[in-house]
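The structure under discussion appears below in the form of structure tokens.
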Amino acid sequence: MALKQPPAYVAGHNLLQGKSVLITAAAGAGIGFAAAKRAAEEGARGVMISDIHAGRLEKAVTLLREVTGLNEIYGQLANVTVEQEVQALVDGAEQTLDGVDVLINNAGLGGTRLLVDMADDEWARVLDVTLTGTMRMTRAMLRKMQPRGAGVIVNNASVLGWRAQQEQCHYAAAKAGVMALTRCSALEAADYGVRINAVSPSIAFHEFLIKTTPIELLEALAAKEAFGRAAEVWEVANVMMFLASDYSSYMTGEIVPVSSQHA
């Protein structure tokens with residue numbers, strides 16, 4: 001079956017009008033960058049993105065300002081595996097944005113390796129970035145949001161948290177952990193008026209994924225989707241915007257699939 005064409009890009013509807021947004025790992029061409037662009041298009045009053053690459057971060061901030069027309073887009077270097085940098089990012093975003101209304105935890109690390117060939121440090125690094133990094137950011141942000149009695153956190157999980165795939169033991173375990181973290185932290189945060197949900201994409205092509213995953217595997221996975229194609233990164237970001245907005249006001253602790261796999 002030939003790959004189908006994606007739909008036309010959806011215009012913004014001011015879902016985040018007046019809100020401020022912090023997004024991790026948002027430089028480059030992946031879901032994080034798409035989410036930052038969508039947040040600006042949805043009326044956010046300010047957006048801060050983080051990344052571990054200074055040059056890529058600077059280019060992303062410049063490009064986002066140019067394509068969205070929002071000048072209040074900022075960048076800060078941060079590695080979610082380093083607690084001091086997490087604290088500095090959250091403190092910096094709080095000051096620059098005059099409080100953070102929405103945190104999108106996008107930072108994650110994947111790879112392909114059979115479990116029998118996987119070294120401890122490879123396993124630990126994927127878990128540290130993808131799961132523990134999400135925990136660090138959530139913990140730091142809740143300490144700001146809970147006293148205010150408001151805020152939204154959106155995590156980026158994966159269908160691999162539910163589904164089995166060879167050579168993905170570390171990544172799947174980390175994403176399953178993100179799902180569990182989302183559900184449990186949401187119960188704790190609900191008492192303070194803070195909502196925490198997650199998206200669970202199946203497959204979305206972007207530059208980093210293509211660099212780290214064999215193209216034959218990516219094409220095979222995309223062919224399994226009901227639409228015969230991978231998601232566009234902005235299609236995943238659209239669901240993030242819904243979860244970040246007041247349209248999802250009664251949702252917390254939920255994992256929302258962004259998938260078109262055959263039933």
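Taking amide hydrogens as placed 1.01 Å from N in the peptide plane, the amide H of residue 19 sits under 5 Å from those of 45, each at least 5 positions away in sequence or on another chain.
Roughly how tilted is helix 83-96, in degrees to the nearest 10 and between 0 and 90, from the longest Cα axis of the chain? Around 50 degrees separate the two axes.
Under the rule that an exposed site lies in a DSSP loop and has at most 12 other Cβ atoms within 10 Å, name the longest stretch of the chain with no chymotrypsin sites (Phe, Trp or Tyr not before Pro) of that kind, not counting the sites themselves. No qualifying site falls inside 10-249, the longest such stretch.
Taking every lysine pair in the chain that is 8 or more places apart or spans two chains, those with Cα atoms closer than 30 Å amount to 20. Where the centroid of each part is defined by its Cα atoms, how far is segment 64-115 from segment 16-39 in Å? Here the two parts' Cα centres lie 9 Å apart.
Around the Cα centre of segment 20-254, unit charges on the Cβ atoms of Lys, Arg, Asp and Glu (plus for the first two, minus for the last two) sum to a dipole of about 240 debye. Could you tell me how many degrees, from 0 to 90 and to the nearest 10, lie between the Cα long axis of helix 233-244 and the main elongation axis, the longest principal axis, of the Cα atoms of the chain? That helix lies at roughly 40 degrees to the long axis. Residues whose amide H falls under 5 Å from that of residue 151, counting only those 5 or more places apart or on a different chain, are 195, with hydrogens built in the peptide plane.
Put simply, the C-alpha atoms of the chain give a gyration tensor, and the ellipsoid matching it has half-axes of 27, 21, 18 Å, longest first. Nearest-5 percent of antiparallel DSSP beta bridges in the chain? For the chain, the DSSP antiparallel bridge percentage is about 5. Our coupling estimate for segment 50-59, obtained by passing each phi through the Karplus curve with A = 6.51, B = -1.76, C = 1.60 and θ = phi - 60°, is 10, 6, 9, 10, 4, x, 5, 5, 4, 5 Hz, Gly and Pro reported as x.
Each value in this text was obtained by applying a stated rule to the coordinates, not by laboratory testing. Small disclaimer: the values here were computed from a predicted structure and weren't measured. Please note: Cβ atoms are built from the backbone with ideal geometry, for glycine as well, and neighbour counts cover all protein chains shown.
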